[in-house]
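The numbers here are math on the coordinates, done by the rules we state, and not lab data. In this text the structure is predicted, and so the values were computed from the model without any measurement. Neighbour counts are summed over all protein chains in view; Cβ atoms, including those assigned to glycine, are modelled from backbone coordinates with ideal geometry.
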Amino acid sequence: MPEDPALSLPEPPPPAAGAPAGGQPVLDALPDPFLLLRPERGVAGTITDFICTYANGEACRLHGHQPERIVGARLRDLHPSHCAGDLFEHGLRAFEAGQTVAVPAPGRPGEAPGAPRALRLFPAGGWLCCLWSGASEPADLRRRLSELERRHHLLAGHASDLVIEVDADHRILWVSESVQKLLGWSPPALVGRPAMAFVHSDDRCRALRTGLGPRDRGRFEGELRIRRADDGWCSMGGSVRPAPEGSGGAWVLCLRDIQDRVTIRAELDHSQHHDTVTGLAVRHVALGRIREALDRQAGTGSMLAVLSIGVDGLTPVNDALTHAGGDQLIAFLAGRIVRAIGEPDRVGRGTGDEFIVLLSDLASAAEAAHRAERILTACRAPITIGGQPIDPTVSIGIATSAAGALPDELLRDASLAMRQAKARGRNCFALLDDALATEAHTRLLFAAEIQRGLVMEEFAAWFMPIVCFETGEVTGYEALARWVRPDGIEVGPAEFLPCAERRGLIVRIDRLVLRQALVTLSRLPDELTMAVNVSAATLAQPDHPQLVAEALEAAGVSPERLHLEVTETALVTVTERIRQQIQQLAGRGIRWYVDDFGTGYSSISHLRDLPIAGLKLDRSFTSAMRAKDTKTLRLSQALVGVAEGLELDTVAEGVETIEEARLLTSQGWLHGQGWFYGKAAPLEP
Ligand code: C2E
Ligand code: CA
Ligand code: CA
């Protein structure tokens, strides 16, 4: 690069030889002649000449030619040696040494006064540049300069972008006139002031981090709120770049008004979270707030209540005044409820005609009832809609929180209570009644009990034999979860699984059963297999394949001996990731079985697309066969046919008698399990 900073011009894009001059605004505006040349090389690669690829207007004037005649011409031809020494030699020297070479440029005979007096040759990015200096008289230069300035003001004043040059301390050195129109500031009032004083305090860190930091000299792609002269804020986005060298500044900020975009986005965001009729938070937002309040309340001893408020008699209003009238009534009541509660954020819109109110920090349920009474009174005042007088009323259900309650359960309980209030004659409130409350309480206690049982290791895997119909020999076992409580009562999965699933405890149970089942399998003869149930929640765990592999390794059991059972219904919802997990385990040799086959949705396509090794006919088929149901018989025959066609293993469940075993065998079922062969029990090898 040339050492003279004034010559640090932006590198031109490589112009093709013979490309027309012009089209380089910065170079075209130079008051001095300028040529850009590319080296021409001989066979040996040595430079034989330089060919002109670009000439600015002044260069054309100097040479008295049209651009077409200069572009493509050789340096030797443009400047015969008798005029300016051997220009080619100077150019070659500059090009090869990578330095600027200055040579006197006496001009040509007959040239006009004011012709250039010095010529500088320097290389730039594989090109040779020729720049004459002293071409113009000072007056002429001044005229050109003021012309440039005028154009610049025209551009800066009318451009919609805001351009700000700041120094290394972020003080404003220069700001475009557009600041007046965009933000209402007059440019001189800003010069010398810290730029950050105009950035919203919440955005300053980001502005410094992403754009103006010393290291990341690059684009600032974010949004900044910039202070307007009227003390409001304008959202702007744009870029930050290092200022051109020699300009005295450190950064140039180029910002654009994106307020419209930001406003539209905010409106869109608002509409996703707020009901259009009332402006209240929609159900999922209200649920989120209940969740947050429950988290805050945990351990404080205070009470929280959720109110479900239903509009009484909305249907006749809709019928008489159309839905628009109904919406007006809902909007009126929303306003009344918000005023009665005093905090809009505590009120949300549920489904249909339901409002949701969240009350926290209550001393007792009576306090919730007192607030409900206030809402009832506020809603009761008559209104006129579409010229029709209406006496609106609402019914309110109240559910108070107990430790460990879930938001949607609270809301559901409140809705149940609201329906009770309606059943009691409307225009009143109801607390979740005793029976409902007891049930809800029991549910909660039960979840806590399961959790305790897991901690106390009261859960265990019991084993049910699976036999080969043909030989009657046990080929393996299915591990089934059992909960033996401290009082000795055995609790079956039917009782605890629904609750464990709702509370996300099923994954822990599945892991426990898997581990125990594999330890037991490791003590059984090598030819026996172990079937383990996998719930949909467990199947969806990203670390499931890893946990299975670890359990197999810990027990020292070969993967082919493990059968994983997953229900047809769980298979319907598999995502691509889960599919890959299933494949991954199958790839290790583990065999997948479809459980409760015949009861879920059609899964024939899954049988083809997933690595399924076998089917387990649901117990309901066997019991229907017991009752000689011919349709079931035909269906079971068809299902075994499907399995045979796909070369899958088959297991018929729920075999309780020898007749059933014979019938299933005659249909072609290969394996069976059921009380006829043995109930689930602990297995001591
Ligand atoms: P399943 O996987 O279809 O297991 C078979 C169920 O049918 C077992 O009930 C078993 O005791 C019962 N059964 C087997 N043969 C007969 C029979 O001849 N007659 C009658 N009446 N019943 C029979 P169980 O142990 O109550 O398990 C119920 C369901 O709970 C299982 O159905 C399975 O879906 C689920 N389950 C059991 N253990 C686990 C587990 O560890 N994890 C998961 N995710 N689910 C499990
Ligand atoms: Ca099963
Ligand atoms: Ca089953």
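Cα centroid separation, segment 521-565 to segment 628-685: 23 Å. Using the scaling law 2.2 N^0.38 Å as the reference, what is the normalised Cα Rg of segment 274-440? Working it through for segment 274-440, the quotient is 1.00.
Apply the Debye scattering formula to segment 559-599, with a single equal point scatterer on each alpha-carbon and no solvent, then give log10 I(q)/I(0) at q = 0.17, 0.23, 0.28 Å⁻¹. Values returned for q = 0.17, 0.23, 0.28 Å⁻¹ are -0.46, -0.78, -0.99.
With a cut-off of 12 Å between beta carbons, the residues surrounding THR278 carry a summed charge of -2, where Lys and Arg count +1 and Asp and Glu -1.
Applying the criteria of a DSSP loop state and at most 11 other Cβ atoms within 10 Å to the GluC sites (Glu not before Pro) of segment 573-651 yields GLU647. Couplings 3J(HN,Hα) of segment 286-302, computed from phi: 4, 4, x, 5, 5, 4, 4, 5, 5, 5, 5, 6, 3, x, 8, x, 7 Hz, in residue order, whole Hz [Karplus 6.51 cos²θ - 1.76 cosθ + 1.60, θ = phi - 60°; x for Gly and Pro]. Residues in segment 49-60 carry Karplus couplings, in order, of 6, 10, 10, 6, 10, 7, 9, 7, x, 5, 5, 5 Hz; the curve used is 6.51 cos²θ - 1.76 cosθ + 1.60 with θ = phi - 60°, and Gly or Pro positions show x. Partner lysines whose Cα lies under 22 Å from the Cα of LYS616, excluding those fewer than 8 positions away in the same chain, are identified as LYS628, LYS631, LYS679.
Could you please report the charge total around ARG289, scoring K, R as +1 and D, E as -1 over all other residues with beta-carbon less than 9 angstrom from its beta-carbon?
Around ARG289, the charge tally is 0.
Among the trypsin sites (Lys or Arg not before Pro) found in segment 491-537, those both in a DSSP coil and sparsely packed, with 14 or fewer other Cβ atoms within 10 Å of their Cβ, are ARG523.
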